[in-house]
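> The structure under discussion is supplied below as structure tokens; questions concerning it will follow.
No value in this document is a laboratory result; all are computed from the given coordinates. Everything numeric in this text was worked out from a predicted model, so none of it was measured.
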Amino acid sequence: MNNSETEHFEENILIVDDHPLTVAVHKAILSDTLNSEIIYHTATTAKQAFYLLTDLAANGKEICLAFFDLNLPPYIEKNIHSGEDLAILTRKLFPQCKIVMISTHTEPLWVNRILKAINPEGFVAKSDIDASLFAEICTKIQSGFFYYSDTVKKSNKVIIQQNINWDEHDTKILQLIAEGVKTAHLTKWIPLSLSTIEKRKFNIKRQLIFESGSDRELIEKAKSMGLL
């Protein structure tokens, strides 16, 4: 190979969404937008995506770009509950991979948690996206830029304005309580001891309701502040 020739590198892109039609549309847009030769890997469940990721890693492959829908059928056996868990796994297996999260959830706590847990190169609300925007997102991220859609930026601004200083575990505690999960069962979703979770929950209450009130009062306050 002389200096004027370019060495060929295989590029792998992963698209994960529980709607097969959405996967097909995203793949078609990417094929029209990105010029390089690319191998596409797709999944519609967390289980499929888990084995795609682990198999690619085991075979020494790299993923250059990955798209994850937040809501997916879970893979309980491997503690994969959502696209968020898959994105975290991708960060571990493929540190150079650029990650794009796509979500119907745009509540401030959801947005802030994803940003802290994953720091994705792209984060887009489904309500903001269309074919032309998706192509623009792909081009910008491939060029080394970050892209957060308007709804995502507005939601995260709420957290900043409220001056809330939590990490992703604190946010997940509040969200799960809002979904009706008992404190004693939170360790199934959060990799912390029950005593640590209880201390964090007390701190959350101290910040939002300034006293050790009930879980119902905590959730009502969070909703009134626009966090949930």
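> Apply the a/c threshold of 1.5 to the C-alpha gyration tensor of the stretch 72-207 and tell me whether it is rounded, prolate or oblate. Before the final figure, lay out each step's value.
Working: a/c = 2.13, a/b = 1.53, b/c = 1.39.
Prolate.
> Here's a follow-up. Given H placed 1.01 Å from N in the peptide plane, which residues other than close sequence neighbours of THR42 have an amide H under 5 Å from its amide H?
ILE15
> Something else now. Which shape class, rounded, prolate or oblate, goes with the stretch 164-224 when its Cα gyration tensor gives a ≥ b ≥ c as root eigenvalues, a/c under 1.5 marks rounded, and past that a/b bigger than b/c marks prolate? Present the calculation step by step, with values, prior to reporting the outcome.
Working: a/c = 1.61, a/b = 1.40, b/c = 1.15.
Here the stretch 164-224 falls in the prolate category.
> Among (1) 56, 39, 37; (2) 58, 33, 30; (3) 70, 35, 35, find the value of Cα extents along the principal axes in Å that was calculated from the structure presented, and write down its label.
(3)
> Hey, can you grab everything whose amide H is under 5 Å from the amide H of ILE102? Only 5+ residues off in sequence or another chain; H modelled, so Pro and N-termini drop out.
PHE68, ASP69, LEU70, VAL124
> Rounded, prolate or oblate: which one fits the stretch 22-104, using the alpha carbon gyration tensor with axes a ≥ b ≥ c (rounded when a/c is under 1.5, else prolate when a/b beats b/c, else oblate)?
Numbers: a/c = 1.83, a/b = 1.26, b/c = 1.45.
Cα axes put the stretch 22-104 in the oblate bin.
> Highest GNM mean-square fluctuation, the chain, Cα pairs closer than 10 Å: which of VAL111, VAL158, VAL181?
Result for the chain, Cα springs under 10 Å: VAL181 fluctuates most.
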